[in-house]
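Let me begin by presenting the structure, written as structure tokens, before commenting on it.
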Amino acid sequence: MYLTVKEIAEFLELPEPYIENMIYQKKIRAIHDGEQFLVNKSQFDNHMNEMEKYKEMVMEILSQPIPEDIDVRDED
């Protein structure tokens, strides 16, 4: 099954020209059926799942406290 640029733009809450620009820059893989660009739904879903995993990993890293450096001295 394939998604149109309009469907992807609505899902991501982004403007359609932005999605089309990403396709032209080859950042989004798509095919052109003569009338419109189509994106494979399973590839899109896999990409979204990977992005969610990446966001969770980044949030986990950012939530860890910064350890105190043992070499820091108070020179007041």
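Key figures
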quantity	calculated
Apportionment of accessible area to carbon and sulfur, the chain, percent (1.4 Å)	52
Heavy-atom surface of the chain, accessible at 1.4 Å and reported per residue (Å²)	92
Global form of region 1-43, assessed from the alpha-carbon gyration tensor, a/c cut-off 1.5	rounded
Calculated over the chain: convex hull of Cα atoms, volume per residue (Å³)	163
Lys/Arg +1, Asp/Glu -1 at C-beta; the chain dipole; positive extreme among Y18, F37, I61	F37
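The values are calculated or read from the model by the stated rules, or taken from the named source; none is laboratory data. Small disclaimer: the values here were computed from a predicted structure and weren't measured. Using ideal geometry, Cβ is built from the backbone for each residue, glycine included, and neighbour counts are taken over all protein chains shown. Surface areas here come from the heavy atoms of the whole protein model, side chains and all, with no ligands, DNA or RNA. Shrake-Rupley method; radii C 1.70, N 1.55, O 1.52, S 1.80 Å.
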